[in-house]
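K.L.:
Input: one structure, supplied below.
Values quoted throughout were computed directly from the atomic coordinates according to the rules given, and no laboratory measurement underlies them. Keep in mind that what you see is a predicted model, and the values were worked out from it rather than measured. Glycine gets a Cβ as well: all are built from the backbone with ideal geometry, and neighbour counts include every protein chain shown.
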Amino acid sequence: MPTKPILLVDDDIELCALLADYLRHEGYAVDSVYTAEAALQWLEQDTPALMVLDVMMPGQSGLELLQQLRPRWQVPVLMLTGRGEAIDRILGLEMGADDYLAKPCNPRELLARIRAILRRSTDLPAVAGQAEIPADTPDGVFPRRPLVVSGIYLDPGMREARVGDQPLVLTSAEFNVLAYLMQHAGQVLGKAELTRWVLHRELGAYDRALDVHVSRVRQKLAQALGSERDWIKTVRGQGYQLVRSE
């Protein structure tokens, strides 16, 4: 259980009270604010374990808030979007949200998503010593030692990734995408498998979360490696593959 609170950011005061009561009953500390401006003021004082952020708010929107906070804070963010607003979900993920949930949401589903995001933010313990991909790492289990593949260095325990001396700034979902692809470098991994092990949930119909996370990792690798080469290949109808350097 995280020691820091979950921060609810939504202009619906009654919904915040309902969700806060439910999450507190499950053992979480919860704070609520009702505007993007109030959320920024809150962040200046502390960093939450996770932020639940509504897209549609009066004044500054949730997407505008996300765009402002990402350069400064890497706090996990779960976006709440209108059920029919697929474009908001994609935009939120592209701006650095970890996952999304359509409103009105079931509190039990929200709790499951929160647990999944918090788990993947902290489930890679450190083991000293740098190594290539360990041959004894079981399939479906994240690596527990630093990995080096194609000039990319990733330390699961420190939650650190870099190319040479240049750090890769990744969200928790992006970090886990890269870790799992590096662990299975050269293999084609299906979207259902990646979603299960990276996002800790099943792949849903019309679910684009994994695709957007992979796309963001691909872009960041291309910028850091200074190459037009596509380091993460899309294998149509099958999934994704991290290409080893020759």
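K.L.:
Evaluate the distance, in nm, between pseudo-label points positioned 7 Å from the Cα of residue 21 and of residue 206 along their respective Cα→Cβ axes.
P.N.:
Reported label-point gap for residue 21 and residue 206 is 3.2 nm.
K.L.:
With unit charges on the beta carbons (Lys and Arg positive, Asp and Glu negative) and the dipole taken about the Cα centre of the chain, which residue among 60, 198, 81 sits farthest to the positive side?
P.N.:
198
K.L.:
Using a basic spin-label model with each label point 7 Å from the Cα along Cα→Cβ, how many nm lie between residue 196 and residue 61?
P.N.:
Simple spin-label model gives 3.6 nm for this pair.
K.L.:
Report the full-extension gain for the segment residue 112 to residue 29: residue separation times 0.36 nm, less the Cα-Cα distance, to one decimal in nm.
P.N.:
28.3 nm
K.L.:
Let me ask something else. Just to be sure I understand: with springs between alpha-carbon atoms less than 10 Å apart, which residue in 95, 158, 51 has the highest mean-square fluctuation in the Gaussian network model of the chain?
P.N.:
So, out of 95, 158, 51, the one fluctuating most is 158.
K.L.:
For residue 6, which sequence-distant residues (separation of 5 or more, or a different chain) have an amide H within less than 5 Å of its own amide H, given hydrogens modelled in the peptide plane?
P.N.:
Those lying under 5 Å, H to H, from residue 6 are 29, 30, 31, 49.
K.L.:
Please arrange 4, 103 by counting, for each residue, the other beta carbons lying within 10 Å of its beta carbon, fewest first.
P.N.:
Exposure proxy ranking, most exposed first: 4, 103.
K.L.:
Multiplying the sequence separation of residue 37 and residue 4 by 0.36 nm and subtracting their Cα-Cα distance, what value in nm do you get?
P.N.:
9.8 nm
K.L.:
Check the straight Cα-Cα distances from residue 220 and name the lysines below 19 Å, setting aside those fewer than 8 residues away within the same chain.
P.N.:
Counting by Cα, and skipping residues close in sequence, residue 220 has these lysines nearby: 233.
K.L.:
Rounded to the nearest 20 debye, what is the charge dipole size of segment 147-242 about its Cα centre when +1 sits on each Lys and Arg Cβ and -1 on each Asp and Glu Cβ?
P.N.:
That gives segment 147-242 a dipole magnitude of about 180 debye.
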